[in-house]
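These notes concern the structure reproduced below.
The values are calculated or read from the model by the stated rules, or taken from the named source; none is laboratory data. This structure is a prediction, so every number in the text was calculated from the model and none was measured. Neighbour counts are summed over all protein chains in view; Cβ atoms, including those assigned to glycine, are modelled from backbone coordinates with ideal geometry.
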Amino acid sequence: MAAVAARPSADDAAPVDALRISAVLVVLADGPDGAEVLLTRRSESLTSHRGEISFPGGQVDGGETYEATALREAHEEVALEPAVVQLGGRLDPISTMGSRSFIVPVVGSVESPPSLSPAEHEVDRIIWVPLVELTRADTFREEIWPVPEQHHRPMFFFELDDETIWGATARMLHQLLRVAHGIEGPQPPAL
């Protein structure tokens, strides 16, 4: 978390063409194998991104900060009490091409994984994933996808034992791991 706090602030002004401005909470906790990150599997009953692995988060309400949004959404989705989260900074925001979303990842920590419960209409599963599992040689892979009228873009995948993380969540995890290991550099273009 110190590596995130020490980073210079990225430009978090949403692009003019963004249809949706959102924030997610990237929560870290100490676990038996070191730092773990909180993820959810989105409900199959949702209309978009159903069944996908994501961070708790959602759309910024008028006048709300990214931090307030991330904490509110985590409380709504998994009953994470905002008071137990120590905020530590932000990762670089990302934009998605398909949904034209602008997403600000807010990083926080809790002392240990708290007891959580999923909001039935939004979350099918709560998962604490050790960062060491994300760095195993057989977990991460990258593909290059063509984009019409643009350059090719890298797509990241984290293949866990029983879930696949990809898309915006994988991009944010990739960035988190790079920051944690002191590797800075340009991030991939929009999804």
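A single member of Ile94, Ile103, Ile127 is of a type in the set (Val, Ile, Thr), in contact (Cβ under 8 Å) with a residue 12 or more places away in the chain and within 20 Å of Pro32 (Cβ to Cβ), and it is Ile127. Considering the conditions (1) loosely packed, with under 13 Cβ neighbours inside 10 Å; (2) at pLDDT below 95, Ser117 is excluded by exactly one of them, (2).
Just name the residue that is surrounded by the fewest Cβ atoms within 10 Å (Cβ to Cβ) out of those in segment 98-111 that are at pLDDT 90 or above and not β-branched (Val, Ile, Thr).
Taking segment 98-111 first, the residues at pLDDT 90 or above are 102-111.
Filter again for not β-branched (Val, Ile, Thr), leaving 102, 105, 108-109, 111.
Details: Phe102: 22, Pro105: 27, Gly108: 24, Ser109: 17, Glu111: 9.
Looking at residues that are at pLDDT 90 or above and not β-branched (Val, Ile, Thr), I get Glu111.
For segment 120-140, the set of residues classified as among the basic types (Lys, Arg) and surrounded by fewer than 13 Cβ atoms within 10 Å (Cβ to Cβ) consists of Arg136 only. Taking the criterion of being in contact with a Leu (Cβ under 9 Å, 6 or more places away or on another chain), under 13 Å from Leu91 (Cβ atoms) and modelled with pLDDT under 95, the residues of segment 6-46 that qualify are Arg7, Ala10. In segment 127-173, the residue that is modelled with the lowest pLDDT out of those that are more than 14 Å from Ile53 (Cα to Cα) and of a type in the set (S, T, N, Q) is Gln150.
Can you find a residue in segment 82-96 that is under 19 Å from Asp162 (Cβ atoms), of a type in the set (Lys, Arg) and at pLDDT 90 or above? No: zero hits.
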